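K.L.:
Shown below is the structure under consideration.
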Amino acid sequence: MTERTIYLDPDRHGPSSRKINVWAHRWYALVELDRDGHVDALTRRGDSPDLPAAYTEAVTRAQHTSVDHIWCDGYRGALSCGIGPSLVGLPVPFARVGAAVEALRSAELDHDYSGLHALADQLTLPIEDWLAPGERELVRGVDFSAPPSVFLHFLRGRAKRHGVRLNGRATAGSVWVRPTLPAFEKLKRELFPEQHPGWVDRWTGFIEQDGTTARPWVGGGDRNLSYGAVPVQFRRVETPSGGKCPCGISLQRDSDSDKGHTSHHAAWAFGVRAPRNLDWWADLAVVTTESPIAWRKLTHQVGRMPQKENHYDFNSWSDLAEPRKTPDKVRAYLLKANEHVIGYLAARDTSQHIRWDLTDRSGYGDEDDTLRPLIDLIWVADSYRRQGVGAKLVQALADDFG
């Protein structure tokens, strides 16, 4: 199909002329009414350029039904459906381009919106019939035209919007469906009717009529293991859904954050997985501010574990820029086991000390300016705590310093 332009005004090249452009895409055609110049002319005369409410309603209805039709045919991308004083866009199947052009022409010039409503009626899918209770076979070429697997994917999405579970299977030339209403969806719609206006339960208590064609068995597991079963009963109880997890993440999260909590909790419990591109020549690695960035990024990732767990304001390792030397020799000890970093010790050297004897609970003693290592933080993965891992890290620090 070639792109073309249909002019609506006698003066085609006038500044206030209106035109309809047809743009061909791979899956559909976009019919656009360009009113930009016409809107400028109306504005200069002091008239309102807004579309009448009936016009907007008719275009919106045609857009919604056409988009459903294109998606049902197998298109998975986004669609441009602009509607405003300057531009009206209507994506349609290729077979409906002529009807769409004529409908927009009549609406614009004659204020006749029946063409848009007729186009919407032609493109409206019988989704309510497809999702009616009972088992049925929808045949390709009769009920739909897309490949059966594509059509079944589209119908599952529409069933989900209706709160219906679609027991479906695609065959070579048809799709078998048996829509049912889950008890939870029924309860939700009965408790909040204002959120589902016009909803009617057509599925509960439905009984198949005698003589209905049965879905053929094509192998695999047994079918109908839940057909006719008694729905699960639900009760309202108070549950401890809030609070903090020991790993430091709140227990009350949305679904996306739950995935982040799961991965963080696993790293907190078993250690941070060591990247495959880092060669560990021994179990213990000493990372400095001059180490390669991959090692410093791993150290920063491990440092987030105690930061989240103890709600510290800052990460104990922040050297992620260019390699640099530090006068206090900032470094981190990473202990690996089972391909995970299970132990972490952040340290630096300092000559400012005050002795404190813990045995007799005495006060602070004299200052000491001897250069010694200072431990900033020690962290051990939860599954490896109370097994001497922290002591190994401290001993490694002491051995390195001599």
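The values are calculated or read from the model by the stated rules, or taken from the named source; none is laboratory data. Keep in mind it's a predicted model, so treat the numbers as computed, not measured. All Cβ positions, even for glycine, are placed from backbone atoms using ideal geometry, and neighbour counts span all protein chains on display. What goes into the accessible areas is simple: the full protein's heavy atoms, side chains included, and nothing from ligands, DNA or RNA. Shrake-Rupley method; radii C 1.70, N 1.55, O 1.52, S 1.80 Å.
K.L.:
Provide the FRET efficiency to the nearest 0.05 for the PHE192-SER145 pair, computing r from the beta carbons and using R0 = 30 Å.
P.N.:
0.20
K.L.:
Below 8 Å, C-alpha to C-alpha, sequence gap of six or more: please give me the relative contact order for the chain in percent. If you can, show how the numbers build up before the last one.
P.N.:
Working: 586 pairs, mean separation 33.3, N = 402.
Reported as a whole number, the value is 8 percent.
K.L.:
Among ILE354, GLY260, LEU30, flag the residue with its Cα farthest along the positive direction of the charge dipole of the chain, charges on Cβ as +1 for Lys/Arg and -1 for Asp/Glu.
P.N.:
The one lying farthest along the dipole's positive direction is GLY260.
K.L.:
Output the 0 to 90 degree angle, nearest 10, between the alpha-carbon long axis of helix 114-123 and the longest principal axis computed from the alpha carbons of the chain.
P.N.:
60 degrees
K.L.:
Just tell me which lysines come within less than 26 Å, Cα to Cα, of LYS259; anything on the same chain fewer than 8 places away is out.
P.N.:
Once the sequence-local lysines are set aside, what remains near LYS259 is LYS160, LYS188, LYS244, LYS297, LYS308, LYS336.
K.L.:
Ok, one more. Along the charge dipole of segment 233-337, Cβ charges K/R +1 and D/E -1, which of CYS245, ALA294, ASN310 sits furthest on the positive end?
P.N.:
CYS245
K.L.:
Using a Gaussian network model of the chain with C-alpha springs under 10 Å, which one of VAL287, VAL142, VAL150 is most mobile by mean-square fluctuation?
P.N.:
So, out of VAL287, VAL142, VAL150, the one fluctuating most is VAL287.
K.L.:
Separate question: Could you give me the ³J(HN,Hα) list for segment 177-186, computed from phi with Karplus coefficients 6.51, -1.76, 1.60 and θ = phi - 60°, whole Hz, x at Gly and Pro?
P.N.:
Result, rounded to whole Hz: 9, 9, x, 9, 10, x, 4, 5, 5, 4.
K.L.:
Keeping every protein chain present and rolling a 1.4 Å probe, give me the accessible area per residue for segment 118-187 in Å². All intermediate terms of the calculation are to be shown ahead of the outcome.
P.N.:
Values: 3170 Å² over 70 residues.
With all protein chains present, segment 118-187 gives 45 Å² per residue.
K.L.:
How much area per residue is accessible in segment 17-109 when the probe is 1.4 Å and only protein heavy atoms are counted (Å²)? Walk me through the intermediate numbers first.
P.N.:
On the way: 4130 Å² over 93 residues.
About 44 Å² of surface per residue is accessible.
K.L.:
Now for a different question. Once you have a ≥ b ≥ c as the square roots of the Cα gyration tensor eigenvalues for segment 79-119, tell me rounded if a/c is under 1.5, and otherwise prolate or oblate according to whether a/b is larger than b/c.
P.N.:
Values: a/c = 2.08, a/b = 1.05, b/c = 1.97.
Oblate shape, in that a/c is at least 1.5 and b/c is the bigger or equal ratio.
K.L.:
Mind pulling the angle between the C-alpha long axis of helix 53-72 and the longest principal axis of the chain? Nearest 10 degrees, somewhere in 0 to 90.
P.N.:
70 degrees
K.L.:
Only loop residues by DSSP count here, and only those with at most 13 other Cβ atoms within 10 Å; note down the chymotrypsin sites (Phe, Trp or Tyr not before Pro) in segment 302-362 that meet that. Intermediate values should be presented prior to the final figure.
P.N.:
Working: sites: TYR312, PHE314, TRP317, TYR333, TYR344, TRP356; in loops: TYR312, PHE314, TRP317.
The qualifying sites are PHE314.
K.L.:
Ok, one more. Assuming 0.36 nm per residue, please report the length gained on full extension of the stretch ASP328 to THR43 beyond their Cα-Cα distance. List each step's numbers first, then the result.
P.N.:
On the way: separation 285, 0.36 × 285 = 102.60 nm, distance 7.12 nm.
The span from ASP328 to THR43 would gain 95.5 nm if fully extended.
K.L.:
Using a basic spin-label model with each label point 7 Å from the Cα along Cα→Cβ, how many nm lie between ALA53 and ASP368?
P.N.:
Distance between label points: 8.5 nm.
K.L.:
Quick check for me: using +1 on Lys/Arg Cβ and -1 on Asp/Glu Cβ, what's the dipole size of segment 243-402 about its Cα centre, in debye to the nearest 20? Write down the numbers at each step before the final one.
P.N.:
Details: 21 positive and 23 negative charges, 122 e Å.
So the dipole magnitude of segment 243-402 works out to roughly 580 debye.
K.L.:
Given the C-alpha centroids of segment 81-122 and segment 300-314, what is the distance between them in whole angstrom?
P.N.:
58 Å
K.L.:
Among the trypsin sites (Lys or Arg not before Pro) within segment 47-109, which fall in a DSSP loop and have no more than 14 other Cβ atoms within 10 Å of their own Cβ? Intermediate values should be presented prior to the final figure.
P.N.:
Working: sites: ARG61, ARG76, ARG96, ARG105; in loops: ARG76.
Qualifying residues, ordered by number: ARG76.
K.L.:
OK, next. Could you give the length gained on full extension between THR204 and ARG161, defined as 0.36 nm per residue of separation minus the Cα-Cα distance, in nm? Don't jump to the answer; show the numbers that get you there.
P.N.:
On the way: separation 43, 0.36 × 43 = 15.48 nm, distance 1.76 nm.
Length difference between fully extended and current span is 13.7 nm.
K.L.:
GNM on the chain, C-alpha springs below 10 Å: top fluctuator among PRO197, PRO133, PRO323?
P.N.:
Per the Cα network of the chain with a 10 Å cutoff, PRO323 tops the list.
K.L.:
Here's another thing I want to ask about it. State the label only: which of [x] 1.19; [y] 1.01; [z] 0.96 corresponds to Rg/Rh (Cα atoms, Kirkwood Rh) computed from the shown model?
P.N.:
Checked against the structure: label [x].
K.L.:
Identify, among ALA159, LEU138, LEU125, the residue whose Cα sits farthest towards the positive end of the charge dipole of segment 122-183, taking +1 on the Cβ of Lys and Arg and -1 on the Cβ of Asp and Glu, with the dipole about the Cα centre.
P.N.:
Going by the Cα projections, it comes out as ALA159.
K.L.:
Counting only residues 5 or more places away or on other chains, whose amide H sits under 5 Å from the amide H of GLU290 once H atoms are built in the peptide plane?
P.N.:
ARG324
K.L.:
Here is a further query. Where does helix 148-161 land angle-wise versus the long Cα axis of the chain, in degrees 0 to 90, nearest 10?
P.N.:
With both axes taken from Cα atoms, the answer is about 80 degrees.
K.L.:
Using a/c under 1.5 as the rounded threshold, could you call segment 1-83 rounded, prolate or oblate? The axes a ≥ b ≥ c are square roots of the C-alpha gyration tensor eigenvalues, and prolate needs a/b larger than b/c, oblate otherwise. Intermediate values should be presented prior to the final figure.
P.N.:
Numbers: a/c = 3.27, a/b = 1.61, b/c = 2.03.
It is oblate, given that a/c is not under 1.5 and a/b is not larger than b/c.
K.L.:
Of all the accessible heavy-atom surface of the chain, with the other protein chains kept in place and a 1.4 Å probe, what percent is carbon and sulfur? Numbers along the way, then the final one.
P.N.:
On the way: 12640 of 24400 Å².
In the chain, the share of accessible area belonging to carbon and sulfur is 52 percent.
K.L.:
Tell me the trypsin sites (Lys or Arg not before Pro) within segment 295-325 that lie in a loop according to DSSP and have at most 11 other beta-carbon atoms within 10 Å. Mind showing how you got there, number by number?
P.N.:
Details: sites: ARG296, LYS297, ARG304, LYS308, ARG324, LYS325; in loops: ARG324, LYS325.
Those that pass, being in a loop and sparsely packed, are ARG324, LYS325.
K.L.:
Which one, LEU187, LEU51, LEU251, has the greatest fluctuation when you compute a Gaussian network model over the chain with C-alpha springs under 10 angstrom?
P.N.:
Greatest mean-square fluctuation among the candidates belongs to LEU251.
K.L.:
Tell me, what HN-Hα J-couplings in whole Hz come from the Karplus equation 6.51 cos²θ - 1.76 cosθ + 1.60 at θ = phi - 60° for each residue of segment 18-30, using x for Gly and Pro?
P.N.:
10, 8, 10, 9, 10, 10, 8, 10, 5, 9, 7, 10, 9
K.L.:
For the pair GLN233 and ARG4, how long in nm is the line joining their label points, each one 7 Å along Cα→Cβ?
P.N.:
A separation of 6.7 nm, rounded to one decimal place.
K.L.:
Treating only the Cβ atoms of Lys and Arg (+1) and Asp and Glu (-1) as charged, compute the dipole magnitude of the chain about its Cα centre; round to the nearest 20 debye. Can you show the working numbers first?
P.N.:
Numbers: 50 positive and 53 negative charges, 199 e Å.
Dipole of the chain, to the nearest 20 debye: 960 debye.
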